[in-house]
Amino acid sequence: MSEPKRVVLDANILLRGVFGTRVRDLLASYQETVAFCTPDICVEEALRYVPAIAQRRKLDPQVSEANLRQLLQACVNIVDRSLYEEFEDRARSRIAMRDADDWPVVATALLIDAPIWTEDQDFFGSGIATWTSNRIELYLRDA
C-alpha cells in the first residue's frame, strides 16, 4: 500500500475549518486518503484568533475553540517544531521576501515533501506547490 497524499495547512485554513463549512467538509471527506498536517505554530496562531473571530460573528468563543480542537484531533496531524526546525534556514530564504514569520509552514512542507493549502498569497513563489480552497479538491481527489 502506498503512502497517503499529504498537504500542509496554514493557520487560515484551520480557522476556515472552524468558521466555515467548505474546509471542514473537505477535511472530513478526504481524511482517510490524505494526511493533513500543520506546524504547531499554526495551531497556536489559530487559537489566538478564534476568540476575536467568534465574537465578531456573535458566536461563543469557547465553543469555537472546542470546535478547533475537535477538528485538529479528528483530521489534522500537528507537526512539532523539533521536527521542522532543521529546515528553518531553507524555509526562511524561500519566504523572506514575503513574510518571514510563515517559515514554519514552508519548513513543514519541505520536511514532508507536500504542498501548502492556504489563502495567503505570501507562499506563492516559494518553490512549493500552493493550493487555495477553491482549487484544493483537484489535488485531494487524486489521492
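The values are calculated or read from the model by the stated rules, or taken from the named source; none is laboratory data. Nothing here was measured: the structure is a model prediction, and the numbers come from that model. Cβ atoms come from the backbone with ideal geometry, glycine included; neighbour counts cover every protein chain shown.
Overview of values
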{"item": "Qualifying positions in the stretch 93-105 - over 21 Å from PRO4 (Cβ atoms) and part of a helix (DSSP H, G or I)", "result": "SER93, ARG94, ILE95, ALA100, ASP101, ASP102, TRP103, PRO104"}
{"item": "Subset of the stretch 93-120 that is under 14 Å from the mean Cα position of the chain (by Cα) and of a type in the set (S, T, N, Q) - its residue that is surrounded by the fewest Cβ atoms within 10 Å (Cβ to Cβ)", "result": "THR118"}
{"item": "When residues of the stretch 32-48 are limited to those that are modelled with pLDDT of 95 or more and outside any helix (DSSP H, G or I), the one surrounded by the most Cβ atoms within 10 Å (Cβ to Cβ)", "result": "PRO39"}
{"item": "Some residue of the stretch 123-137 being within 19 Å of PHE19 (Cα to Cα), in contact (Cβ under 8 Å) with a residue 12 or more places away in the chain and in a loop (DSSP other than H, G, I, E, B)", "result": "yes"}
{"item": "Looking only at the stretch 72-92, and only at residues there that are within 12 Å of the chain's Cα centre (by Cα) and assigned to a helix (DSSP H, G or I), the one that is nearest to ILE41 (Cα to Cα)", "result": "LEU72"}
{"item": "Filtered residues of the stretch 49-62 (kept if in a helix (DSSP H, G or I) and either at pLDDT below 95 or of a type in the set (A, V, I, L, M) (or both))", "result": "VAL50, ALA52, ILE53, ALA54"}
{"item": "Matching entry among THR108, THR118 (being touching a residue at least 60 places away in the same chain (Cβ under 8 Å) and touching a Pro at 6+ places or on another chain (Cβ under 7 Å))", "result": "THR108"}
{"item": "One residue from VAL50, VAL18, VAL79 being touching a residue at least 12 places away in the same chain (Cβ under 8 Å) and within 18 Å of PRO115 (Cα to Cα)", "result": "VAL79"}
